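Quick note: the coordinates plus some simple rules give every number you see, no bench work behind them. Note that the structure is predicted; figures quoted are calculated from it, not measured. Quick reminder, even Gly has a Cβ in these numbers, built from the backbone with ideal geometry, and neighbours come from all protein chains shown.
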Amino acid sequence: MDKLSAMRTFVRVVESGSFTAVAAELRSTQSAISKQVAALERELGAKLLVRTTRSLALSEEGARYFEQARRLVAEIAEAESDLRQGEAQLSGWMRVAASVGFGRLKLMPLVKTFMAEHPDVKIDLRLHDGFVDLVEQGIDVSVRIGDLPDSGLIARRVGTSQRMLMAHRDYLKRLPPGTSLPLQPEDLSQHNCIVYTETSNRNQWTFRAGAAASDEPGTARTICVEGRLQTNSSEVIRAAVNSAMGIGYSPTWLFEQELASGEVVRLMPGWESPASPIHLVSPPERKHSAKVKAFVEHVANAFMP
């Protein structure tokens with residue numbers, strides 16, 4: 001039995017909470033993963049996991065062993081990373097996470113150029129519009145937009161995301177008689193607003209008065225909007241706005257082409273949205289990874305002025 005490999009597998013099973021998830025991650029089978037952990041238990045002479053048909057949990061011995069095993073596995077990974085960095089070689093798998101729209105439009109081109117520069121690196125790109133637990137999912141580096149909670153993650157700010165109130169020109173052409181373009185936040189009550197549910201404010205849209213607004217510059221106003229469509233997908237928001245289904249309040253990078261062509265136009269230009277920081281974050285145990293360091297630097301150089 002390869003004890004180090006078995007320890008790595010055991011750590012990932014505990015982190016993910018699933019033999020099946022680790023089997024998919026390691027391109028193996030659930031049976032093989034289970035047998036590897038069972039072999040480790042026999043080698044140690046202790047029951048590490050308590051298995052049921054629906055869940056698994058650490059035994060008392062397993063909990064003590066897990067903390068030591070996770071630390072040891074991380075230290076070995078750091079040592080290997082330092083060695084590769086010293087040899088100026090980057091190789092192996094790296095798991096990267098981002099939201100669907102940002103990953104497709106902004107991150108994927110950088111993944112392509114990074115892989116071209118480092119042909120021995122393999123990237124598992126995970127795109128999801130909800131919250132992703134980096135440790136549970138085994139993520140090496142993730143893009144997060146918005147303020148970061150004090151989570152203990154290693155973070156580097158690489159840019160800023162600006163939201164904009166916008167609509168397709170066809171939506172504006174089809175406005176019912178008596179409905180005018182929104183010039184003030186309260187005017188949005190007359191319009192069908194498309195709500196993105198993966199933000200904490202959901203249908204509470206906040207605007208800040210600019211120089212051309214009727215309010216004093218810098219004044220913030222939050223409006224509760226309504227509409228017939230809400231979604232947890234940035235891609236659905238993009239498709240809905242482009243289909244003239246309503247007004248969106250979205251990051252400008254999601255509609256760069258449409259805004260440049262004039263198909264989608266900015267509304268309420270006198271009002272601005274609060275800017276959101278863009279960070280690249282990694283679990284603490286990945287901080288010495290040469291691949292992660294190189295990828296973060298690659299993305300940061302592309303995003304920052």
> If you build a Gaussian network model of the chain, linking Cα atoms that sit under 10 Å apart, which residue out of 146, 103, 92 swings the most?
Replying inline: 92
>> 5 Å is the cut-off here: which amide hydrogens, built 1.01 Å from N in the peptide plane, fall below it relative to residue 210, excluding neighbours closer than 5 in sequence?
In response: 218, 271, 272
> What shape does the chain take by its C-alpha gyration tensor, where a ≥ b ≥ c are the square roots of the eigenvalues and a/c under 1.5 counts as rounded, a/b above b/c as prolate, and the rest as oblate?
Replying inline: prolate
> According to the square roots a ≥ b ≥ c of the eigenvalues of the Cα gyration tensor, what is the shape class of the range 173-305, taking rounded for a/c under 1.5, prolate for a/b larger than b/c otherwise, and oblate for the remainder?
Replying inline: prolate
> Of 149, 251, 119, which is the most mobile in a GNM of the chain whose springs link Cα atoms less than 10 angstrom apart?
Replying inline: 149
>> Show me, for the range 285-291, the HN-Hα J-couplings you get by feeding each phi into the Karplus relation (A = 6.51, B = -1.76, C = 1.60, θ = phi - 60°), rounded to Hz, glycine and proline as x.
In response: 6, 9, 5, 9, 5, 5, 5
> the range 153-239: which GluC sites (Glu not before Pro) are DSSP loop and have at most 14 other beta-carbon atoms within 10 angstrom?
Replying inline: 226
> Taking only DSSP H segments of four or more residues, each worth -39500 (n - 2.57), what value at 222 nm results for the chain once the sum is divided by all its residues, to the nearest 500 deg cm²/dmol?
Replying inline: -11000 deg cm²/dmol
> Among 27, 286, 228, which comes first, then next, by fewest other beta-carbon atoms within 10 Å?
Replying inline: 27, 228, 286
>> Can you find, among 292, 264, 251, the residue sitting farthest towards the positive end of the charge dipole of the range 241-305, where Lys and Arg contribute +1 and Asp and Glu -1 at Cβ?
In response: 292
> Going by how many other beta carbons lie within 10 Å of each one, how would you line up 282, 91, 31, fewest first?
Replying inline: 31, 91, 282
> What ³J(HN,Hα) values, in whole Hz, does the Karplus curve 6.51 cos²θ - 1.76 cosθ + 1.60 give for the range 240-256 when θ = phi - 60°, with x put for Gly and Pro?
Replying inline: 5, 5, 5, 8, 6, 8, x, 9, x, 10, 9, x, 5, 5, 6, 10, 4
